[in-house]
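Readers should treat all values here as calculations from the given coordinates under stated rules, not as data from a laboratory. The structure presented is a predicted model; accordingly, all values stated were derived computationally and were not measured. For neighbour counting, all protein chains shown are included, and Cβ atoms are generated from backbone atoms with ideal geometry for every residue, glycine included.
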Amino acid sequence: MARHSLETSGPAETESIGAELAARLGDGDVVLVRGELGAGKTTLVRGAARALGVVDPVTSPTFSIGHRYRGAGTIVSHLDLYRLAGLELEHDPGLLEDYIGPGMVAFVEWPQDGAAELAGARLSVTLSHGGEDRREIEIVELAAGAPTGGR
Ligand code: ADP
Ligand code: MG
C-alpha cells in the first residue's frame with residue numbers, strides 16, 4: 001500500500017496537489033479527504049475539480065450532502081458528510097448513489113463508516129495543520145479499493 005507524505009506552504013500548492021491526484025484518477029474513483037476544519041480539504045478538492053475540467057466555483061456543500069459539478073467528460077462529485085449520521089446511511093443506503101459510481105469521480109470530506117461506496121475508495125488523503133500556511137498531506141493508496149465504476 002503506497003503512502004506519500006507531502007508538505008505545502010499555501011493554498012495554491014495544495015490545489016496543485018489536488019490537480020496531480022486528479023490526473024491519476026479514473027471513472028468511478030472515490031477519494032476520501034480527511035482532516036480538521038480549515039486543514040485544506042475543500043482547497044485540495046477545488047484543485048482536483050479544476051484539473052478535471054470544472055469551471056464553476058467549487059464551494060463547500062452546506063445545504064446538501066454534496067455538489068455535482070460538470071467536468072470534462074466526467075461529473076465531479078464533492079461530498080461533505082460532516083452532518084450525516086451513520087444511522088442515516090444505514091437507513092437509506094441509496095443516499096450516495098447520485099454522487100458515486102460510473103460517470104463520476106468523487107471526493108468525500110468527512111467520510112463516515114457504513115457506506116459501501118466508501119469502502120471501495122481508491123485513495124485516502126489526510127491534511128493537517130503545520131503552522132501558519134503550512135499543511136501536511138498524506139496520501140494513501142487503498143489497495144483494498146474495489147472498483148466502483150468502469151475501472
Ligand atoms: P477544510 O475544507 O479542510 O475545512 P478549506 O480548504 O475550506 O478547509 O480551508 C482551508 C483554509 O486554509 C483556506 O482559507 C485556505 O486559504 C487556508 N490555507 C492556508 N494555507 C493553506 C495550505 N497550505 N493548503 C490549503 N489551505 C491553506
Ligand atoms: Mg471543507
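Would you tally the net charge around Ile100, using a Cβ to Cβ cut-off of less than 11 Å, leaving Ile100 out, and scoring K and R as +1, D and E as -1?
Result for the local shell: -3.
For the chain, what is the mean residue ellipticity at 222 nm derived from helices alone (per DSSP H run of n ≥ 4: -39500 (n - 2.57); sum divided by total residues; nearest 500 deg cm²/dmol)?
-6000 deg cm²/dmol
Would you mind pulling out the separation of the Cα centroids of the stretch 2-71 and the stretch 73-95, in Å?
Cα centres, the stretch 2-71 to the stretch 73-95: 17 Å.
Given a Förster distance of 25 Å, report the FRET efficiency between Arg68 and Leu6 from their Cβ-Cβ distance, rounded to the nearest 0.05.
According to the calculation, E is roughly 0.35.
Rg and Dmax of the chain, Cα atoms, in Å?
Calculated on Cα positions, Rg and Dmax stand at 14.2, 42 Å.
In debye, nearest 20: dipole of the chain around its Cα centre with unit charges on the Cβ of K, R (+) and D, E (-)?
340
Out of the stretch 55-144, which trypsin sites (Lys or Arg not before Pro) are coil in DSSP terms and have no more than 10 other C-beta atoms within 10 Å?
When the trypsin sites (Lys or Arg not before Pro) of the stretch 55-144 are filtered for loop state and at most 10 Cβ neighbours within 10 Å, Arg83 remain.
Could you tell me which chymotrypsin sites (Phe, Trp or Tyr not before Pro) in the stretch 45-148 are loop residues by DSSP with no more than 11 other beta carbons within 10 angstrom of their beta carbon?
In loop regions of the stretch 45-148 (DSSP not H, G, I, E or B), the sparsely surrounded chymotrypsin sites (Phe, Trp or Tyr not before Pro) are Phe63.
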